[in-house]
Amino acid sequence: MKTALITGVTGQDGSYLVEFLLNKNYKVYGVIRRASSFNTSRIDHIIEFHSPEKFDWFRGDMTDETSLIKILEKIQPDEIYNLAAQSHVQVSFEVPVYTFDVVATGTLRLLEAVKNLGLDIKIYQASSSEMFGSSPPPQNEETPFNPKSPYAIAKVAAYHLCVNYREAYGMWIANGILFNHESPRRGETFVTRKITRAVSRIAFGVQDKLVLGYLDAKRDWGYAPEYVKAMWLMLQQDEPDDYVIATGEAHSVRKFVEEAFKHIGVIIEWRGEGIEEKGVVAEIMDSEFKDSMKIKPGDIVVEVSKRYFRPAEAEFLLGDSTKARKKLGWEPKVKFKELVKIMVEADIRRTRLLLEGTKKHNEEWREYII
Ligand code: NDP
Ligand code: GDR
């Protein structure tokens with residue numbers, strides 16, 4: 001039985017990767033950092049339904065090398081998937097030093113620990129399409145990096161550290177340069193999930209508008225469960241290498257908004273320019289949500305605010321994953337429209353359950369609620 005260690009196990013990708021590796025009969029360990037509230041909601045079902053012989057976890061932090069050394073000494077895994085990161089690009093402008101410490105120096109701490117302990121481990125490094133920044137699309141493994149944020153610069157540093165440790169010390173390290181990948185488990189502050197969550201709440205009349213930043217950024221959005229398979233495939237190769245993982249299709253944030261709202265029968269007409277831009281409801285089609293929605297034709301459902309603009313932006317990211325398709329046999333199946341559908345439908349289910357649960361809770365606990 002192979003053993004894998006996942007840093008960032010409580011994140012979107014970490015949770016799908018645990019499921020994937022358990023299905024491949026791995027013994028999986030995760031690193032969970034301390035937070036002031038519960039941060040395991042994405043893996044609670046795994047902890048509940050698998051014994052510690054299949055899935056277990058340790059408290060640790062990428063900013064604390066002693067925790068990483070202790071974990072590695074104890075479990076000596078066959079594979080490490082380094083997914084831990086302060087992964088929000090806009091937040092990286094607000095907390096740049098912390099972002100750099102976790103993403104770049106954190107990766108260095110991990111590499112040093114593996115090297116100094118003399119462990120023979122295959123390492124996956126979560127590199128990012130953000131590293132390409134302003135390089136014109138399509139981007140592949142040969143495209144120069146032109147990072148546009150502290151996050152992206154930290155990922156470039158981590159990438160180069162991995163290549164350097166591979167060349168200098170012969171360590172087995174693969175960089176997966178993954179383009180944006182999304183799912184119903186995506187964090188609520190990333191744009192896709194922010195949109196699909198808002199659409200579901202507007203459908204049930206508990207939110208009346210969505211406030212966004214730059215609408216013309218283009219991204220190559222794929223489906224996260226398919227991307228964790230690519231991570232695993234990279235580590236099953238004889239030689240370590242770097243691979244771009246993407247769908248090869250890019251759309252603007254504006255297009256994502258339009259596509260998502262269509263699912264609840266709302267057609268948006270854009271008015272205004274840039275920061276003044278407003279999305280006006282031009283038409284409400286017949287849909288099961290027609291009566292629950294509080295919005296009506298002419299209402300502004302999307303507003304653009306300076307608050308969500310970044311000091312610098314990666315305008316157009318579109319991946320060319322020919323190498324991964326040829327060498328790994330990896331192929332994405334879920335494309336843009338299906339991805340939007342999966343995410344909107346999941347958020348509608350979740351919002352419906354939450355509302356029903358809140359109603360029931362309030363009925364049952366009426367006398368205790370103040
Ligand atoms: P998430 O933000 O969902 O998850 C990040 C994970 O890192 C969480 O488990 C988080 O813990 C953990 N983490 C944050 N800070 C620390 C720390 N100091 N020490 C230990 N753990 C920490 O990211 P994704 O799952 O979306 O992405 C996984 C990786 O892939 C990240 O490195 C990201 O930068 C990279 N990536 C993601 C892409 C995407 O489109 N999703 C594309 C390309 C690269 P907690 O739950 O407590 O916050
Ligand atoms: P990104 O994802 O920065 O590509 O990084 P995000 O979803 O945050 O932004 C995508 C694009 O949408 C624009 N945008 C907004 N973004 C957010 N979050 N909120 C808004 O209100 C909003 N309005 C417009 C952004 O400006 C941007 O152009 C993600 C992360 O998962 C990284 O960790 C990962 O490395 C890259 O994808 C690949």
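Output yes when any residue across region 6-16 is acidic (Asp, Glu), within 14 Å of ligand 1 (Cβ to nearest atom) and touching a His at 6+ places or on another chain (Cβ under 9 Å), and no when none is. Yes, region 6-16 contains a residue that is acidic (Asp, Glu), within 14 Å of ligand 1 (Cβ to nearest atom) and touching a His at 6+ places or on another chain (Cβ under 9 Å). Only a single item in (1) touching an Asp or Glu at 6+ places or on another chain (Cβ under 6 Å); (2) in the same structural domain as Leu21 (by TED's automatic domain parsing) is not met by Thr196, and it is number (2). Of all residues in region 208-254, those being under 14 Å from the mean Cα position of the chain (by Cα) and either within 11 Å of ligand 2 (Cβ to nearest atom) or not in a helix (DSSP H, G or I) (or both) number 9.
With a requirement of 1 or more residues that are closer than 29 Å to Pro150 by Cα and away from ligand 2 (no atom under 16 Å from the Cβ), the helices (runs of 4 or more DSSP H) lying completely within region 1-93 that satisfy it span 12-23, 65-75. Among the residues of region 293-308, those that are surrounded by 15 or more Cβ atoms within 10 Å (Cβ to Cβ) and part of a loop (DSSP other than H, G, I, E, B) comprise Met293, Ile295, Asp299. Just checking, does region 160-175 include any residue being part of a loop (DSSP other than H, G, I, E, B), within 12 Å of ligand 2 (Cβ to nearest atom) and not small (Gly, Ala, Ser)? So far as region 160-175 goes, no, none of its residues is part of a loop (DSSP other than H, G, I, E, B), within 12 Å of ligand 2 (Cβ to nearest atom) and not small (Gly, Ala, Ser).
Please tell me if Pro150 is within 15 Å of ligand 2 (Cβ to nearest atom) and within 25 Å of Ala312 (Cβ to Cβ). When the stated conditions are applied, Pro150 passes them.
Only one of these is of a type in the set (A, V, I, L, M, F, W, C), surrounded by 15 or more Cβ atoms within 10 Å (Cβ to Cβ) and within 30 Å of Asp238 (Cα to Cα): Leu339, Leu355, Leu318. Name it.
Numbers: Leu339 fails: within 30 Å of Asp238 (Cα to Cα); Leu355 fails: within 30 Å of Asp238 (Cα to Cα).
Just one listed residue meets the conditions, Leu318.
Among Ala126, Ala152, which is the only one that is within 12 Å of ligand 1 (Cβ to nearest atom), assigned to a strand (DSSP E or B), under 18 Å from the mean Cα position of the chain (by Cα) and on the phi < 0 side of the Ramachandran plot?
Details: Ala152 fails: assigned to a strand (DSSP E or B).
After ruling out the rest, the residue left standing is Ala126.
Among the residues of region 18-42, write down those that are within 9 Å of ligand 1 (Cβ to nearest atom) and buried (at least 22 other Cβ atoms within 10 Å of the Cβ). Within region 18-42, Gly30, Val31 qualify.
Okay, residues lined up against (1) over 26 Å from Pro184 (Cβ atoms); (2) over 19 Å from the mean Cα position of the chain (by Cα); (3) modelled with pLDDT under 95; (4) not assigned by TED's automatic domain parsing to the domain that holds Thr105:
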position	(1), (2), (3), (4)
Thr10	no, no, no, no
Tyr16	no, no, no, no
Lys24	no, yes, no, no
Val31	no, no, no, no
Ile43	no, no, no, no
Glu48	no, yes, yes, no
Ser51	yes, yes, yes, no
Phe58	yes, yes, no, no
Ile71	yes, yes, no, no
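The condition of being assigned by TED's automatic domain parsing to the domain that holds Pro138 and free of Cβ contacts under 8 Å to residues at least 12 places away in the same chain holds for only one of Glu288, Glu239, Glu258, that being Glu239. Residues that are surrounded by fewer than 24 Cβ atoms within 10 Å (Cβ to Cβ) and part of a strand (DSSP E or B) are absent from region 106-120. Taken as a whole, the structure leaves Phe20 outside the set of residues that are over 26 Å from Asn180 (Cα atoms), of a type in the set (Phe, Trp, Tyr) and more than 15 Å from the chain's Cα centre (by Cα).
Taking region 178-206 as the region of interest, how many residues are near ligand 1 (Cβ under 9 Å from one of its atoms) and surrounded by fewer than 17 Cβ atoms within 10 Å (Cβ to Cβ)? Here the count works out to 2.
The values are calculated or read from the model by the stated rules, or taken from the named source; none is laboratory data. All of these numbers come straight from a predicted model, not from anything done at the bench. Reconstructed Cβ throughout: ideal geometry from the backbone, glycine too, with neighbour counts over all protein chains shown.
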